[in-house]
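The values are calculated or read from the model by the stated rules, or taken from the named source; none is laboratory data. These numbers come from a predicted model, not from an experiment. So basically every Cβ, Gly included, is an ideal-geometry build from the backbone, and we count neighbours across all protein chains shown. The accessibility values were calculated without ligands, DNA or RNA, using every heavy atom of the protein model including side chains. Shrake-Rupley method; radii C 1.70, N 1.55, O 1.52, S 1.80 Å.
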Amino acid sequence: MVSSVLSVASHSASLPLLETTIKGKSKFGINGLRFSKLIQSSGRISMVATVNVSRFEGIPMAPADPILGVSEAFRADTSDAKLNLGVGAYRTEELQPYVLNVVKKAENLMLERGENKEYLPIEGLAAFNKATAELLLGADNPAIKQQRVATVQGLSGTGSLRLGAAFIERYFPEAKVLISNPTWGNHKNIFNDARVPWSEYRYYDPKTVGLDFEGMLEDIKSAPEGTFVLLHGCAHNPTGIDPTPEQWEKIADVIQQKNHFPFFDVAYQGFASGSLDEDAASVRLFVSRGMEVFVAQSYSKNLGLYAERVGAINVISSSPESAVRVKSQLKRLARPMYSNPPVHGARIVANIVGDPTLFGEWKAEMEMMAGRIKTVRQALYDSISSKDKSGKDWSFILKQIGMFSFTGLNKNQSDNMTNKWHIYMTKDGRISLAGLSLAKSEYLADAIIDSYHNVS
């Protein structure tokens, strides 16, 4: 509250009107001011005005989230042709959200058992932590058998990355993180908020719409020893471009030679290729070489548990003793952040992975979802290739993997996709094929061809 005194001259013609207006009132408003006192002295009237000025006046408006803001704009569009390819969430052929049948069965089991809602320990549900580490590394992995894996349940992939970033900031204060260019839009936010400095390594080659492998290796080599290198385990977001198995070997060589820390973000295990083991091959390669590795996991995509916020941070250490200490400090960091994680999604994962029948059903549903995305990817390529007579090579669409395709469209071209064609996507040219149907693939092809050739 800010108070100020306003003086009004008492002229014989105006004073009666003023007195009549405020007579019998303790407060009076003019032009947004509240007058709390009326003082008459020496023929003048002074009014003490209380002005509502918030102490938050200096807080600027935050920009819309570049990914979630796409959905807000999509909902406001009234066109029947509109298409939301911005957010990475799976949709059916009818473009509706999909709850996996195996998830419904796991939830029914939970209801039948009458499980309670008591607090979990700081590290999360023990059955979930066991299941998620085994799913990531393989149940027979020596690191698990030798108790060298510290696993703490986190708030999906984002929360697990944030917990890992806090660990880096506290126990490796001189270290920096190397992030691919481009990367998922939230990676930089996470490390910024954890006050961990980062820089970028080359990844995407716009000339080939493919991997700049030599540039990537060169940048990792030139990073200071002990740098944390953030790697996408599979289905790189936003490009959909993954290294080949042979390229992963060379990446591991360089990271090992430079004594770097590999930090994997695994958000799509089983959802990229349809195989849990194939999609975890990059992580398992690094662990098999005896490297100490950080891995953040998420179950948003592969189990469709977007709103349950279930994931984990895993640290594979060189000894069981150090793994115990690492886990203790991860718990110490988690306690003031969010105290302990939610139980519902963790129980779903534990019930599915721990039951051979449900686990088999999950793998079949994952293959179905991954298969549908591969089908619309092929349909989009076929439509563009048949319609575009310019000779441009669109084969990169088929070489990419997972739910995203990096179209190569620039910001102006992406704006044209939205403004003219009502197709909502991120401004870097990324589209989510999980939000595309076969029925809409030809329409999308027309929009991409128009935007690419007619907008600079």
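Residues in the stretch 254-264 that are in contact with a Phe, Trp or Tyr (Cβ under 6 Å, 6 or more places away or on another chain) and either open to solvent by less than 10 Å² (accessible area, probe 1.4 Å) or on the phi > 0 side of the Ramachandran plot (or both): P262, F263. Tell me which residues, restricted to the stretch 361-416, are among the acidic types (D, E) and within 24 Å of the chain's Cα centre (by Cα). Within the stretch 361-416, E365, E367, D415 meet the criteria. Residue pairs whose Cβ atoms lie under 8 Å apart, sitting 6 or more positions apart in sequence or on different chains, and linking a residue in the stretch 271-294 that is closer than 24 Å to N259 by Cβ and hydroxyl-bearing (S, T, Y) to a partner that is at pLDDT 95 or above and part of a helix (DSSP H, G or I), are S282/W248.
Annotation: N129 fulfils all but one of (1) at pLDDT 95 or above; (2) closer than 30 Å to E218 by Cα; the unmet one is (2).
Quick one: in the stretch 265-282, which of the residues that are surrounded by fewer than 24 Cβ atoms within 10 Å (Cβ to Cβ) and of a type outside the set (S, T, Y) is nearest to F191 (Cα to Cα)? By that ranking, first place goes to A280. Remark: pairs (first residue in the stretch 378-401, touching a residue at least 40 places away in the same chain (Cβ under 8 Å) and within 19 Å of K207 (Cβ to Cβ); second residue surrounded by 14 or more Cβ atoms within 10 Å (Cβ to Cβ) and of a type outside the set (A, V, I, L, M, F, W, C); Cβ separation under 8 Å; 6+ apart in sequence or on different chains) = K392/Y452; F396/G210; F396/G408; K399/G210; Q400/T239; Q400/G240; Q400/R377. Note on the stretch 103-117: among residues that are under 14 Å from G345 (Cα atoms) and charged (D, E, K, R), the one that is most open to solvent (accessible area, probe 1.4 Å) is K117.
When the stretch 388-397 is filtered for residues that are of a type outside the set (D, E) and either surrounded by fewer than 17 Cβ atoms within 10 Å (Cβ to Cβ) or part of a loop (DSSP other than H, G, I, E, B) (or both), the ones remaining, listed by number, are K389, S390, G391, K392, W394, S395. Considering only residues that are among the hydrophobic types (A, V, I, L, M, F, W, C), in contact (Cβ under 8 Å) with a residue 60 or more places away in the chain and surrounded by fewer than 24 Cβ atoms within 10 Å (Cβ to Cβ), which ones fall in the stretch 295-324? Answer for the stretch 295-324, where residues must be among the hydrophobic types (A, V, I, L, M, F, W, C), in contact (Cβ under 8 Å) with a residue 60 or more places away in the chain and surrounded by fewer than 24 Cβ atoms within 10 Å (Cβ to Cβ): L305, V315, A323, V324. Contact map, the stretch 133-153: first residue touching a residue at least 40 places away in the same chain (Cβ under 8 Å) and in a loop (DSSP other than H, G, I, E, B), second residue hydroxyl-bearing (S, T, Y) and buried (at least 17 other Cβ atoms within 10 Å of the Cβ), Cβ cut-off under 8 Å, separation 6 or more or different chains; pairs are R148/S317.
Of everything in the stretch 212-253 that's without any contact (Cβ under 8 Å) to a residue 60 or more places away in the chain and in a strand (DSSP E or B), which residue is most open to solvent (accessible area, probe 1.4 Å)? My answer is H232. If the condition is being surrounded by 18 or more Cβ atoms within 10 Å (Cβ to Cβ) and not in a helix (DSSP H, G or I), then the stretch 410-426 contributes W421, H422, I423, Y424, M425, T426. The numbered conditions (1) within 21 Å of L303 (Cβ to Cβ); (2) in contact with a Lys or Arg (Cβ under 8 Å, 6 or more places away or on another chain); (3) open to solvent by less than 50 Å² (accessible area, probe 1.4 Å) are all true for T407 except (1). When each of Q378, Q400 is tested for being out of contact with any helix residue (DSSP H, G or I) (no Cβ under 6 Å at 6 or more places or on another chain), closer than 23 Å to D242 by Cβ and surrounded by fewer than 16 Cβ atoms within 10 Å (Cβ to Cβ), the lone residue that passes is Q378. Please pick out the residue among E123, E94 that is of a type in the set (D, E, K, R), out of contact with any Pro (no Cβ under 6 Å at 6 or more places or on another chain), open to solvent by 60 Å² or more (accessible area, probe 1.4 Å) and assigned to a loop (DSSP other than H, G, I, E, B). Exactly one of E123, E94 is of a type in the set (D, E, K, R), out of contact with any Pro (no Cβ under 6 Å at 6 or more places or on another chain), open to solvent by 60 Å² or more (accessible area, probe 1.4 Å) and assigned to a loop (DSSP other than H, G, I, E, B), namely E94.
Quick one: what pairs do we get from the stretch 186-211, first residue over 21 Å from I251 (Cβ atoms) and at pLDDT 95 or above, second part of a strand (DSSP E or B) and open to solvent by less than 10 Å² (accessible area, probe 1.4 Å), C-beta under 6 Å, 6+ apart or different chains? What qualifies is V196/V177. Here I431 clears all of (1) open to solvent by less than 30 Å² (accessible area, probe 1.4 Å); (2) part of a helix (DSSP H, G or I); (3) among the aliphatic types (A, V, I, L, M) except the condition numbered (2).
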